[in-house]
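Each reported figure results from applying straightforward, stated rules to the coordinates on display, with no laboratory input. All of these numbers come straight from a predicted model, not from anything done at the bench. Here Cβ is always computed from backbone atoms with ideal geometry, including for glycine, and neighbour counts include all displayed protein chains.
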Amino acid sequence: MGFMIPAVMKKKLRPSFGTLRFMVVLIAVVLPAFFASHGNAQCLNPSPELLFYRGAIIPDVIPSVPCEFQQLQIFYPDAFPFLFPPVFFNESLSQSQTLAAPHVEVFGDGEFPFFGCYTLLMVDPDAPSPTNTSISQVIHWIVTNIPWDLSTLSEITTANVVLPYIPPTPIAGRHRYTLLLYEQTSCTFNPPAPGRILFSAKAFASLYGLIGPVAGIYFGVTAGE
């Protein structure tokens, strides 16, 4: 046997016009505005992108990332000689921990169709200091023609080193060292080596038709540490 809701209760259960209007505004305006300021409102799982916004990598280094943006995992053996765990987003490392080039992998959910070949960039947008970026960006590493084997956790090999790795050497303040992975339109990308200072990841990608970035991460190194 069912039960009946009294008419008075029914009336109370109906949301008022003001409440409905508030809910519509919240869904249509407030929530999209929040995500627009903290990531791409169209992305269902924008967590790596949000970290790039929070660290101001967007827009200081790149204007945006696609919804399929994945996290790069980097491992510095000198930083963790025993446990060898990955570096976290915005983690602080010392100069002595980053002397050798890191081991790099892509960590994703398998939804992004990685295939073809890729370019890896490592840039410093805080040169010579976070309050004086007159020589930004400094490019620390360029590797092109990186093959992909369709796995979701795959080692990136140094297929073609355009610019050898140089370790972080901040002069003042804390610098955000940013690694970005771009998709190439072919597997025969051999650009001339650019100058180390006044580099632009955005301009470099645009000049050579690179797609993305499709993955990335950043960490911090402070001068004198």
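Points worth noting:
- Fully extending the segment from residue 187 to residue 165, taken as 0.36 nm per residue of separation minus the present Cα-Cα distance, adds 5.8 nm.
- Convex hull volume per residue in cubic angstrom - Cα atoms of the stretch 169-225: 101
- Full extension of the chain between residue 203 and residue 132 yields a length gain of 23.5 nm, computed as 0.36 nm times the residue separation minus the alpha carbon distance.
- Taking label points 7 Å from Cα along the Cα-to-Cβ direction, residue 223 and residue 95 give a separation of 1.0 nm.
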